[in-house]
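Read through the structure below, which is laid out as structure tokens, and then see the notes.
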Amino acid sequence: MFAPTHPLQLALGLIIWSVWFVLIYSVLSVGCAFAMPDNALSPFNWLNALLLVLTLLTTALLAFFAWRCWRVPAPPGNHHFIARVAAGVYLVAAISTVAIGLPVLVLPPCF
């Protein structure tokens, strides 16, 4: 992977978040269209469990990258700045992932 001070880190958090966003809604749409769960009006089914696992894995990945960027020592130059801003972007992406993923705990997938 890229070093925590690489400039691509500034956008990678939002790229990971957007790929997760497209993936979770694609899985939801395809799951409801072709393999609707037996208890589709309940939030406790295999489709919501899969969406929750994808959400938790993505959140953990984004939180790990935020931690990795945050703990970069402060050498002279702008590398420390890049790592700190990237950590913030990763953290915002992780919080957004949790906020968008929370409804799978209470809402039925194919309503």
So which of Leu61, Leu28 is within 23 Å of Ala93 (Cβ to Cβ), of a type in the set (A, V, I, L, M), at pLDDT 95 or above and surrounded by 13 or more Cβ atoms within 10 Å (Cβ to Cβ)? Leu61
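If only one of Ala49, Ala60, Ala66 is of a type in the set (A, V, I, L, M, F, W, C), under 24 Å from Val22 (Cβ atoms) and in contact with a Phe, Trp or Tyr (Cβ under 7 Å, 6 or more places away or on another chain), which one is it? Can you show your working first?
On the way: Ala49 fails: in contact with a Phe, Trp or Tyr (Cβ under 7 Å, 6 or more places away or on another chain); Ala60 fails: in contact with a Phe, Trp or Tyr (Cβ under 7 Å, 6 or more places away or on another chain).
Just a single option satisfies the conditions, and that option is Ala66.
The values are calculated or read from the model by the stated rules, or taken from the named source; none is laboratory data. Just so it is clear, the model here is predicted, and its values are computed rather than measured. When we count neighbours, we look across all protein chains shown, and the Cβ atoms used for this are built from the backbone with ideal geometry, even at glycine.
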